[in-house]
């Protein structure tokens, strides 16, 4: 697609429920990132994929959070047993891998706003 | 651990003014620095990217500079317009990693 696409744009769930957030990166971008943004803050890194593998998952806050990218394109962020503190905007970004002619510039989607009641 | 600070946190200016947004980072071992714009309820739009070997980048009325050794970058906006009102975010990528570390942003309001 022309840009990074994220679905759903808004998700309201109850505490304890399971949630999946989807990201469809720009075609040809092998690098994919998930970030989380709370109100009034800058985005906070969660996980980075290069191809199908999670190259850096150091930002995942705990084992309730998991992300996959089975075919190296679309990625799904999965949150188990949601808590009120998980409420935030979850942003996805993609890029060509940096190096050579590629600058590594990140392009972001519109985000998925998660509200846990 | 890289930390990014943006000053001021908020800025309100009359239309037509030139303005400067500041970004500082604690670890000068960076690969690049990227400035983004974020409108309320929206995602991030990339404005300018400066590689660590570069001193500045320009796009239209925007000019971003980088002083890697002192850990600073500035975003200069010329002849500001009400449509420039948004949150501006600065982010740096380290030399040996792939993730961007963001500042908290500067909320800009340009009054007509």
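List of remarks:
- Paramagnetic label zone (point 7 Å from Cα along Cα-to-C-beta, residue A:83; backbone N under 12 Å) in the range A:33-63: A:61-63
- In angstrom, the C-alpha Rg and Dmax of the range B:23-83 are 12.4, 36.
- Along its first, second and third principal axes, ordered by size, the range B:1-110 spans 40, 27, 20 Å in Cα coordinates.
- Taking 7 Å steps out from each Cα toward its Cβ at residue B:12 and residue B:70 produces label points 3.0 nm apart.
- Of all DSSP beta bridges in chain A, antiparallel share, percent nearest 5: 90
- Taking one quarter of the surface of the convex hull spanned by the alpha-carbon atoms of the range B:71-112 gives a direction-averaged projected area of 3.8 nm².
- Placing pseudo-labels 7 Å out from each Cα toward the beta carbon at residue B:53 and residue A:27 gives an inter-label distance of 3.2 nm.
- Nitroxide proxy distance, nm - points 7 Å out along Cα→Cβ at residue B:3 and residue A:2: 4.2
- For the range A:16-117, the convex hull spanned by the alpha carbon atoms encloses 96 Å³ per residue.
- FRET efficiency estimate (nearest 0.05) - Cβ-Cβ, residue B:45 to residue A:17, R0 30 angstrom: 0.40
- Overall dimensions of the protein assembly as shown as given by Cα atoms, namely Rg and Dmax in Å: 17.5, 51
Each reported figure results from applying straightforward, stated rules to the coordinates on display, with no laboratory input. Not measured: the values here are computed from a predicted model. Backbone-built Cβ (ideal geometry, glycine too); neighbour counts: all protein chains shown.
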